[in-house]
1. Give the residue, chosen from D564, D554, that is more than 22 Å from F327 (Cα to Cα) and over 28 Å from the mean Cα position of the chain (by Cα).
2. Quick one: Q539 ticks every box in (1) touching a residue at least 40 places away in the same chain (Cβ under 8 Å); (2) surrounded by 17 or more Cβ atoms within 10 Å (Cβ to Cβ); (3) among the polar types (S, T, N, Q) bar one, so which box is it?
3. Report, by residue number, each residue of region 16-39 that is in contact with a Pro (Cβ under 6 Å, 6 or more places away or on another chain), part of a strand (DSSP E or B) and either open to solvent by less than 30 Å² (accessible area, probe 1.4 Å) or in contact (Cβ under 8 Å) with a residue 40 or more places away in the chain (or both).
4. Just give me the residues in region 475-492 being modelled with pLDDT of 95 or more and either farther than 27 Å from G553 by Cβ or among the small types (G, A, S) (or both), in sequence order.
5. Counting only residues that are open to solvent by 10 Å² or more (accessible area, probe 1.4 Å) and farther than 16 Å from F378 by Cα, how many does region 243-253 have?
6. Within region 295-311, track down each residue that is crowded, with 20+ Cβ neighbours inside 10 Å and of a type in the set (G, A, S).
7. Within region 497-515, count every residue that is farther than 18 Å from F542 by Cβ and not charged (D, E, K, R).
8. Considering only region 553-572, state which residues are open to solvent by 40 Å² or more (accessible area, probe 1.4 Å) and either among the hydroxyl-bearing types (S, T, Y) or touching a Gly at 6+ places or on another chain (Cβ under 8 Å) (or both).
Amino acid sequence: MVAYRVHRRLPLMTYYWEVAVQALGADGWEPPTTLRGSDGTLEEAAVAAEAGGVRVAVQTDARLARALQWTEGFGGRECPTLLEHHGSVVWHGIHGLGTVAVAHVPSAGPVPTATALAETSPLARTVLADDRREARRWAAARGTDEPERYVAEVGDRRWTLYWGDLHRHSLVSRCTAGDEPSLEDFYRYAWDVCEYDFWAVTDHAENSSDHQWWSLQKIADLFHVPGRFVPLYGFEWTSADTGHQNVIYGDVERGAPIFSAFAEGTTTPRGLWDALAEHPAYPAVTIPHHPGAAMVHHDWGFHDERYGRLVEVFQACRGSYENDRAFRQYADGTRKGTFVVDGLKAGHKVGMIASSDHGHGASYVGAFAETLDRGDVFDALQSRRTFAATTRGVVVDLRAGEHGEVFMGQEAPAGTRRRLTVHAEGYADLARVDLLRDGEVVHELVPDLHAALDLPAGWRRVPLRVEWGEAESTTRWDGSLQVLGGRVLRTDFWSPEVIAADDRSLAWEATTHSFGEPYGAQRGGVEVTLLGPDDAEVQVCFGDAEAGTVRLGDLADTLAAGRDHALLAPLGHARLQHAYGGLTSLGSTAVDLVWDDAEDDGAEHFYYARVVQVDGEAAWSSPIWV
């Protein structure tokens, strides 16, 4: 007899898990039977043998009946009587802790032998270890060896690199349809699969009851192993008007305060920071995420340097929000003026991190701390000694000064030489390293394709993106690009939309959606590098319709001048724009570069480094202000 939970989705981001039971009889497995009144969360059922069958015990919270009556709410129903989190109205799926229900499930009779069962229900082919492929490319590259810790020595300080994630949701949150793990399962996933050194589960304050907030803190303490695995307390403050922020606490006692964006007094970031300031025993940082998103962007008009120390530049479940036109820019990253670089240009001194948010991919924050201790990790976060990585194993170390005495995240003392030093390394070959000043690339290290490919004299290298989107309705952008008299640079990795590529052409399939105001319409694109003489022709089609033809030389000059080449679009816009294009190897998994900024105008500028591997995985350093 087996008992398990079955996921049932309902409207308005509501869901439940009900218990199904299957009995093994003489003719094999019986069809599943679901237990009425077992609707609840993803908690395993308990099964015990008794005369004539089994006794099944399940947790239930009656969420199905509530869900069928809901017509409003952020993943739940507004509960005016449940005034928790300092008076906030909680939107949630249940009242109280639920109950335990029991049921008797009869046996299906004698159980067949293994031989007889194999005849009626053939076993699937056994998957041998040699047939399996490690999905974590960084772990596959490492093999079974325990990795050496990267250590940064700056003056008399010695900081060790630790990997973490500060934005993860469990089943407590109501921002998904129930496809996040339970807390216990999630902690095992964090430890065993992601191999985090530190992390924080940041469930929405607006969905969490006081009991759940207490549970989130308690489980963080239960799994805390100093020097091995360091969970931090955290929650997500969720405003549809000014953006979402993750609140991360330092080395504090259980009992940290939690604040909702729906509560009087904390409906704005200013209110949140004022409320946090009333609890000095609980130091915290607040980290905005998906800035630049049309759906919920970040309002950089709010900032408090006491708490606003970091920003999330990349999400595993979405993409990059570094800047408009960024490499791996997410589909909803269309709200101009609200990206990470916009906040830095506004004068806000924030460091870079990456996080995961939802799903089972993982992006990381690299933090340089003295030890793997809550206090030291939090000090690294507060001090901005961090970088953002789309996955584990991509490292960037940025320093400034005559002897590299200023580490990333720091403000350089007056008179510091504007010499930037970058060390970058990855688990795969690196494709490029960029140094940026005030958000603009001022120095780049890229492969010499003319030498590597022995290109004919006069041939151009034109990296670009075929960009499309922002149509007012759902639009298919299936299309192709052809080069006549030139060639397409072949690479090992392509944009995920690409379905075919050869030396002369590229084809893709893509669809964008529009969600109306205020959420806007999606964008998309594919990156490719074109090679050829000036008189080569580039032709782009969407479906069977030609979108434009241009000489390669004219296109190269247009893009080099910072302009786009417009294409005919079925709806919205389409264009060829300057971009990374195809990624090829620098010939090494580690590089170092030194660059002096000769344009010393006496003003303060922010500098940061960006590193990209041939597989598209990337890292961003926190800025240095000089």
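1. Going through D564, D554 in turn, the sole match is D554.
2. (2)
3. Correct list: A20 only.
4. Residues satisfying the conditions are T475, R476, D478, G479, S480, G485, G486.
5. Of the residues in region 243-253, 1 are open to solvent by 10 Å² or more (accessible area, probe 1.4 Å) and farther than 16 Å from F378 by Cα.
6. Correct list: G308 only.
7. Residues meeting the conditions: 1.
8. The answer is H565, A566, L568, P570, G572.
The values are calculated or read from the model by the stated rules, or taken from the named source; none is laboratory data. Here the structure is a predicted model, which means the values were calculated and not measured. Don't worry about glycine lacking a Cβ; one is built from the backbone with ideal geometry, like all the others, and counts go over all protein chains shown. These accessible areas exclude ligands, DNA and RNA; they are computed on the full protein's heavy atoms, side chains included. Shrake-Rupley method; radii C 1.70, N 1.55, O 1.52, S 1.80 Å.
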